[in-house]
Amino acid sequence: MEEGYGIENFSLKVVVNKKKTKVLFAEVDSDFADVLLSFLTLPLGTIIRILKKHYGEEEEAVSIGSLTTLYNGLANLENECFVTKGCKEVLLDPTSWFESKAKCLKLKLDISETKPIEYFTCKNLNCKSNYGFLCLSIYYDTVSCFCCGEKMKREVVQNESRANDDGVVGKFTNKTVSFACQKMPKPNDCKDGVFIRNSESLIISDALRILPNTTGFVQTLKSFGIADTYGAELMNVTFGFNEIMDLLKASLLSHTPLTDIILNKNQIYDYARTKYEPGFSLERIATKANARSKKMNLKVILQKSTNKLLFAQAEDDFVDFLFIFLAIPLGGVEHLLGSNTCLKSIDNLHRSVADLMDHKSLASADTKKMLMNPKLHHGYISKNPIFPLSEQRLYATCYNLTGVTKFSSFNFKTGQGKYVKGRKLYKITDDLTVTPFCMASAVSVIESLNVPLTDIKEMELQIGLDEGLSILKASLTSTSALTDGLKIDGVFMKQPSKDTDVSQNRRPRYSFIDKFFPCFNPSYMKF
């Protein structure tokens, strides 16, 4: 963990009820609010990684819906399943586009522990791309240079010198390649904090609703749902690194994170689990998404009598779609789901950004966009994405042969968000664990569940924006993300699909049942 400027502790004035069973609210400074709001910039994969590191590898210690099992399944996949080893690494340790800004502005406590992202360019030092518009990749040895065809294997040197008035500088020669990201001012150069104006005092509810301290007393109590303050007591509480990590975890698992941490320290793992609640609004994103959103096919193997999902069978595009969950910042998830994620504390935190903007408490107008809809780092999004995500654009100063300076966005050749190899089937369990599809393991699943062969059916579903958002929402709180996500609007019953069971004469080609029954129960092939 980077220790910033040595300030790692925060003092909170906490008001609790008379019985000391509930935190009513806490008064904090801008430094603490900055760290709290930085949760929204963390990719989901980063959250799982830092929680696992802090609490240990035990699954029960860090169980965030189906995200933990999705992450663990990714980690356990062999490197041979991926286009390159780098594809796996950037998913296990996703980079936030806010990373460089956080390290320059220096959050008082940065829990992300994110490594600087590496860029690769053509290994041919004489390539003409070194004299013009640079071609970069975040994956080692994934694609070829568009100028000379050589693999992108040479690491690009990042020049950390001060940016010019336009915010960027660049220098390209036939022997070295360097570029400079925008250099943010040091804290003593800043009039404001990272997200919140310096010296701003704020009030935080037990459920992480944030309001400026300038809001009227009665209005604040009403906004926080506080009806009675009789006998309330003031406590002075200190938060350090461990408490901030507890707060991150509690915000994902509890509706009352401050009470859980401050008053129930002995029951830190006994949070009231958030429950999955179906439904979301597509109104704000549907128009933008439908113009470019694609559909994917997903085969699900069900138990007919209970409609229970046994497992799903998918190709590489659906697996890539699931893995991109890990690269989406928490604020981006909130944006996609309209601040209705079932993570009530995070929902409140996300909604608070608009409230703070209205009260002019944010450091800048851009801060609202940065927190409410943070961008993915450049290179993560596929060419035809399901979700209407946006990614960071990096700029460089390019010197062409005539000496004229031009500005252009970096041309990243990343494989367009391609992670796992194609022409291969994968098995996906209800908790989003991904493994290469194997007939033996599929049979083992059926046998372990003691499901008769006559009670199995196969359905082929189309997964688009609606279904994708449902799965994403379910993955945050449910360990049965496919079952809960795909049943939201009766998808199993509503969608046109290809049904297969052992009593049908016509079956889709290459289905699981087509392969399964001839091998293990030939009598069922006699129709």
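We did not get these values from a lab; they are worked out from the coordinates using the rules stated. Quantities reported herein were computed from a predicted structural model and do not represent experimental measurements. Reconstructed Cβ throughout: ideal geometry from the backbone, glycine too, with neighbour counts over all protein chains shown.
Show me 38-51, 354-367, 80-93 ranked by packing, highest mean number of other Cβ atoms within 10 Å first. Don't jump to the answer; show the numbers that get you there.
Working: 38-51: 24.1, 354-367: 16.3, 80-93: 18.6.
In descending order of packing, they fall as 38-51, 80-93, 354-367.
With labels modelled as points extended 7 Å from the Cα through the Cβ direction, what inter-label distance (nm, one decimal) is found for ASP466 paired with SER448?
About 3.4 nm, to one decimal.
Any idea what Rg and Dmax come out to for the stretch 289-382 if you just take the C-alpha atoms, in Å?
Cα radius of gyration and Dmax of the stretch 289-382 are 18.0, 57 Å respectively.
Taking the number of other C-beta atoms within 10 Å as the exposure measure, put THR238, THR215 in order starting with the fewest. Walk me through the numbers before you get to the answer.
Numbers: THR238 9, THR215 15.
Fewest-to-most ranking of THR238, THR215: THR238, THR215.
Any of LYS88/LYS375; LYS53/LYS383; LYS299/LYS473; LYS123/LYS421; LYS249/LYS418; LYS85/LYS424 with alpha carbons more than 22 Å apart? Name them for me. Write out the running numbers ahead of the final one.
Working: LYS88/LYS375 20 Å; LYS53/LYS383 33 Å; LYS299/LYS473 20 Å; LYS123/LYS421 24 Å; LYS249/LYS418 30 Å; LYS85/LYS424 17 Å.
Violating the 22 Å Cα-Cα cut-off are LYS53/LYS383; LYS123/LYS421; LYS249/LYS418.
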